[in-house]
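Structure first, commentary second.
Coordinate-derived values only; no laboratory data. Here the structure is a predicted model, which means the values were calculated and not measured. Cβ placement follows ideal geometry from the backbone for every residue including glycine, while neighbour counts extend to all protein chains displayed.
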Amino acid sequence: MKTAIKRQLILKLFEKQGGKCCYCDQHVILSYRWRDQQRPDAATIEHLERLADGGTDHPSNIAMSCKKCNDGRQELDWLTYRSLKRGEIHEYPRANPVIRAAQ
Ligand SMILES: [Zn+2]
């Protein structure tokens, strides 16, 4: 995705989601500075159905999440991940047990 399109998209998503991450519901920050974009609370574009699983760039498949959630999702489907992040479920069998040990 091109930078200009990404910026426009993330602005729209920011408004639509009230500035909150689609997973953990925490406020994210919006910045065009590279340094700010590395923060865990930086806004990122998230494909709900991962591209690796056949997801597309269609608007219905795209949401805004914080970088921390985006980085931590790995292979989980987005609904399960969201429930996990919001404390609705507490455990989910991971393929890689190292992740849980690190928490
Ligand atoms: Zn988040």
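Sum up the charges of everything whose Cβ sits under 14 Å from the Cβ of residue 71, counting Lys and Arg as +1 and Asp and Glu as -1, but leave residue 71 out.
Net of charged neighbours comes to +3.
Output the 0 to 90 degree angle, nearest 10, between the alpha-carbon long axis of helix 3-16 and the longest principal axis computed from the alpha carbons of the chain.
Rounded to the nearest ten degrees, it is 70.
Provide the per-residue ³J(HN,Hα) series for the range 83-89, in order, calculated from phi with Karplus coefficients 6.51, -1.76, 1.60 and θ = phi - 60°, each as a whole number of Hz, with x at glycine and proline positions.
Couplings: 4, 5, 5, 8, x, 6, 10 Hz.
Would you calculate a helix-derived [θ] at 222 nm for the chain, using -39,500 (n - 2.57) for each DSSP H run of n ≥ 4 and dividing by the full residue count, to the nearest 500?
-9000 deg cm²/dmol
Return, ordered by residue number, the residues of the range 59-74 whose backbone nitrogen is under 19 Å from a label point located 7 Å along Cα→Cβ of residue 80.
Within reach of a label on residue 80: 69-74.
With each label point set 7 Å from Cα along the Cα-Cβ vector, what nm distance links residue 6 and residue 51?
In this crude spin-label approximation the distance works out to 1.0 nm.
As an exercise, take the mean of 1/r over every pair of distinct alpha carbons in the chain, invert it, and state the Kirkwood radius in angstroms.
14.3
Among 86, 35, 50, which one moves the most in a GNM of the chain with springs linking Cα atoms closer than 10 Å?
35
For the range 3-101, what is the relative contact order in percent, using Cα pairs closer than 8 Å and at least 6 residues apart in sequence?
25
Would you mind pulling out the separation of the Cα centroids of the range 52-73 and the range 13-45, in Å?
13
Between residue 88 and residue 14, what is 0.36 nm times their sequence separation minus the Cα-Cα distance? Round to one decimal in nm.
24.3 nm
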